[in-house]
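K.L.:
Have a look at this one before I ask anything.
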Amino acid sequence: MGAAVVVVGTHWGDEAKGKFVDLLAQDADVVIRYGGGPNAGHTVIVGGETYKFHLIPSGILSPRALCILADGVVVDPDVLASEMDALEARGVSLDNLRISQNAHVILPYHQALDALEERAKGENALGTTGRGVGPCYQDKAARIGIRMGDLVDPHRLRARLRAVLPLKNALLTKLYDADPFDEATLLERLSPVADRLRPFVADTLALAADAYAAGKAIVFEGAQATMLDIDGGTYPYVTSSHPTSGGATIGTGIPPTGIGQVIGVVKAYTTRVGAGTFPTELLDERGSRIRERGHEYGTTTGRARRCGWLDAVVLRYAARTNGLTGICVGHLDVLAGFESVGICVAYQKNGRLLRDFPAGDVTLLDGCEPVFEELPGWPDDTSLTNATRFEELHPNAQAYVRRVEELAGVPAVMVSIGPSRNQTLIPPGVGAPRALFTAGRAAVSAQRRAAEVLPPRRS
Ligand code: IMP
C-alpha cells in the first residue's frame, strides 16, 4: 500500500502551497488536486522560470508525477485549456495530466450567477473570486451539475443541458432579470474546448486506487485553506469546498487511512482576501510594507490582500483540525527588516481571554482584539539571501521559526526564504522532503497494525 502526504494551507489561503507541492512532487508518483477551482492561484518558480497555475496541479513540472484533477475540483474548461496551451508552448509535457470524468464543469451561467449573487448581497457580499465556483458547487449539491464526462460526450452534454438549462434560465430571467443562455449557442461554444480536453478525461479513481495499491508516493495538493473550509472556516466568508485534510481523499480513489502525513503551509505572517473578520490585520504602514515586499496581490484576481501578523490561534486550530504532522514556514524573507515582529497567541474580548479559536461560533471573532507576543526581528541582509542551511539564518529568524513550531505543536519540515525552489531550507534533524513519504508509510503501517490488534467481532 502507498502513503499519501496532504498539503494544506493553515489560514485564509495564498500560503504558497504550490512551491512546497512542487518540491514534494520531485519524489512523488502521483499529485492529486482535490478541491476548489480556478479561484485558486499558485505560482511556482523553477530555474528562473515563473509558472502560474489556477487548475493544473503544481506537480505538472515534475516529469515523473501523474497529475490528477479529482472529482472535487470544479473545472472551468476555458481556463484549463489555456493553462494547458501555455504549458505546452513552454515545452512542458501534458502526458501525465488526467481529469476526472466526475469533476464538475463551470459553465458561463455559473460565472454570470456568481456576479449577480454577489451584487444582490449588497454590503453582505463575500468578495468571491467571481469565477463561478460557488454556483457550480451549488449545482453539484442540487444534483443539476454537468460533469467532465458529460462535457466530452456531445450526446450526454445535450441531454444534460436540456434538463438543466431551463432551471438556470428561470433563475437568471425571473429572479435577476438577466439574459438567458441558449442551448445551441452554448453547445457550439463548448465543442472546441471539449475536443481539446477529451483525451485527458479519465477514470481517475481507478488510476489513483491502482497507484495506492502499488505502494506509490502520493501528494494531495490542497487549494484555498483551512479558514476557507465551508464547514471548518469563518462561515459565511468561506469558499464552497473542503480544503482541510478531511476533504482530501473524498472522490479520489484513495481511502482516508492512506494519509500518512499532513503538512500545513504557514506564511510567516497572515493574509486574507475578500470580506470577513481578520483579528491580526495591520491597517498601518506595517501592513502595507508586508503587502509590497510579499507581492500580496491575488494571482487570480489581482486584488490587494489584507496583511497582518501571524495568527497563531488560527494556526493551533489548523493543526488540530487537519491533524498536522509538520509545517512548512514560508515567506520568512518578507518579514526581514522589522525591528520586532508580532505573533497573536490569544484574543481578547470584553475583558475575556480567548486562547482557542471559537470554531463552534465564529461570530465570537467579531470585535476580538489580538494579544501579541513580540519577538525580535531579523535583518534584511546576506544571512537571509545567502543562507543555504537553516543554521545560517540570523538567530532571531531561527528563533521565530522555533516559536511558530512550538505554537503549532509540530516540527517545521521546510522553511522558505524566497519563491524559488532553491530558496528552501530544511531544519536540522528533519531530512529531505522525500523523508515525508517514508514517514507517511510508517504511519500508515502503524495504523494498520493497530487496527489488526482490535479484538475480532463475535457473531
Ligand atoms: P469563491 O471561492 O470564489 O467563491 O470565494 C469565496 C471566498 O474565498 C472569498 O473570500 C475569496 O476571496 C476566498 N478565496 C477563494 N479562493 C481563494 C484562494 O485561493 N486564496 C485566497 N482566498 C480565496
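K.L.:
Just to check your reading of the model, which residue among Val92, Val31 is in a loop (DSSP other than H, G, I, E, B) and of a type in the set (A, V, I, L, M)? Let's see the steps before the verdict.
P.N.:
Numbers: Val31 fails: in a loop (DSSP other than H, G, I, E, B).
From the options Val92, Val31, the qualifying one is Val92.
K.L.:
Looking at (1) within 16 Å of the ligand (Cβ to nearest atom); (2) open to solvent by less than 10 Å² (accessible area, probe 1.4 Å); (3) more than 19 Å from Ala225 (Cβ to Cβ), can you tell me which one Ala25 breaks?
P.N.:
Of (1) within 16 Å of the ligand (Cβ to nearest atom); (2) open to solvent by less than 10 Å² (accessible area, probe 1.4 Å); (3) more than 19 Å from Ala225 (Cβ to Cβ), only one is false for Ala25: (1).
K.L.:
Just wondering, is there one or more residues in region 9-18 that are under 29 Å from Asp150 (Cα atoms) and either within 14 Å of the ligand (Cβ to nearest atom) or in a loop (DSSP other than H, G, I, E, B) (or both)?
P.N.:
Just the residues of region 9-18 that are under 29 Å from Asp150 (Cα atoms), to begin with: none.
Taking every residue of region 9-18 in turn, none turns out to be under 29 Å from Asp150 (Cα atoms) and either within 14 Å of the ligand (Cβ to nearest atom) or in a loop (DSSP other than H, G, I, E, B) (or both).
K.L.:
Restricting region 34-56 to residues that are open to solvent by 40 Å² or more (accessible area, probe 1.4 Å) and part of a strand (DSSP E or B), which is modelled with the lowest pLDDT? Spell out how you get there, then give the answer.
P.N.:
Kept after step one, since they are open to solvent by 40 Å² or more (accessible area, probe 1.4 Å), are these residues of region 34-56: 43, 47-50, 52.
Imposing the further condition that a residue be part of a strand (DSSP E or B) reduces the set to 43, 49-50, 52.
Working: Thr43: 84, Glu49: 87, Thr50: 89, Lys52: 88.
Filtering first and then ranking leaves Thr43.
K.L.:
What are the pairs with Cβ atoms under 6 angstrom where one residue, in region 280-294, is in contact (Cβ under 8 Å) with a residue 60 or more places away in the chain and the other, located anywhere, is open to solvent by less than 50 Å² (accessible area, probe 1.4 Å)? Sequence gap at least six, or different chains.
P.N.:
Listed by first residue and then by second, the contacts come to Thr280/Thr270; Thr280/Gly308; Thr280/Trp309; Thr280/Asp311; Thr280/Cys344; Thr280/Pro370.
K.L.:
Name the residues in region 172-186 that are over 16 Å from Gln111 (Cβ atoms) and open to solvent by less than 80 Å² (accessible area, probe 1.4 Å), would you?
P.N.:
Thr173, Glu183, Ala184
K.L.:
Being more than 21 Å from Ala275 (Cβ to Cβ) and either within 16 Å of the ligand (Cβ to nearest atom) or part of a loop (DSSP other than H, G, I, E, B) (or both): is that true of Leu113 here?
P.N.:
Working: more than 21 Å from Ala275 (Cβ to Cβ): no; either within 16 Å of the ligand (Cβ to nearest atom) or part of a loop (DSSP other than H, G, I, E, B) (or both): yes.
No; evaluated as a whole, the condition is false for this residue.
K.L.:
With the condition being buried (at least 19 other Cβ atoms within 10 Å of the Cβ), I'd like the strands (runs of 3 or more DSSP E) fully within region 258-367 carrying at least 2 qualifying residues.
P.N.:
Numbers: elements: 259-267, 269-272, 306-311, 326-330, 340-349, 352-354.
Strands (runs of 3 or more DSSP E) meeting the threshold: 259-267, 269-272, 306-311, 326-330, 340-349.
K.L.:
So for region 372-388 (the condition being of a type in the set (A, V, I, L, M, F, W, C) and within 16 Å of the ligand (Cβ to nearest atom)), does at least one residue qualify?
P.N.:
Taking region 372-388 as the starting set, the residues that turn out to be of a type in the set (A, V, I, L, M, F, W, C) are 372, 375, 378, 384, 387.
Cutting the leftovers down to within 16 Å of the ligand (Cβ to nearest atom) gives us none.
There is no residue in region 372-388 that is of a type in the set (A, V, I, L, M, F, W, C) and within 16 Å of the ligand (Cβ to nearest atom).
K.L.:
State all residues of region 410-422 that are in contact (Cβ under 8 Å) with a residue 40 or more places away in the chain and open to solvent by 60 Å² or more (accessible area, probe 1.4 Å); if no residue qualifies, say none. Step through it out loud before you land on a result.
P.N.:
Restricting attention to region 410-422, the residues satisfying the condition of being in contact (Cβ under 8 Å) with a residue 40 or more places away in the chain are 410-421.
The answer is Pro411, Pro419, Arg421.
K.L.:
Scanning for something within 19 Å of Leu69 (Cα to Cα), within 16 Å of the ligand (Cβ to nearest atom), assigned to a loop (DSSP other than H, G, I, E, B) and open to solvent by less than 30 Å² (accessible area, probe 1.4 Å), does region 202-221 turn up at least one residue?
P.N.:
No, the conditions are met nowhere in region 202-221.
K.L.:
I've got another one for you. State which residue is most open to solvent (accessible area, probe 1.4 Å) when the search covers only region 133-163 and only residues that are touching a strand residue (DSSP E or B) at 6+ places or on another chain (Cβ under 8 Å) and within 16 Å of the ligand (Cβ to nearest atom).
P.N.:
Let us first name the residues in region 133-163 that are touching a strand residue (DSSP E or B) at 6+ places or on another chain (Cβ under 8 Å), namely 133, 136-137, 139-140, 145-152.
Applying the additional criterion that residues be within 16 Å of the ligand (Cβ to nearest atom) yields 133, 136-137, 139-140, 145.
Numbers: Val133: 6, Cys136: 2, Tyr137: 23, Asp139: 5, Lys140: 72, Gly145: 8 Å².
Here the residue is Lys140.
The values are calculated or read from the model by the stated rules, or taken from the named source; none is laboratory data. Note that the coordinates shown come from a computational prediction; the quantities given were computed from them, not determined experimentally. Using ideal geometry, Cβ is built from the backbone for each residue, glycine included, and neighbour counts are taken over all protein chains shown. Accessible surface is based on the protein model in full, side chains and every heavy atom, while ligands, DNA and RNA are left aside. Shrake-Rupley method; radii C 1.70, N 1.55, O 1.52, S 1.80 Å.
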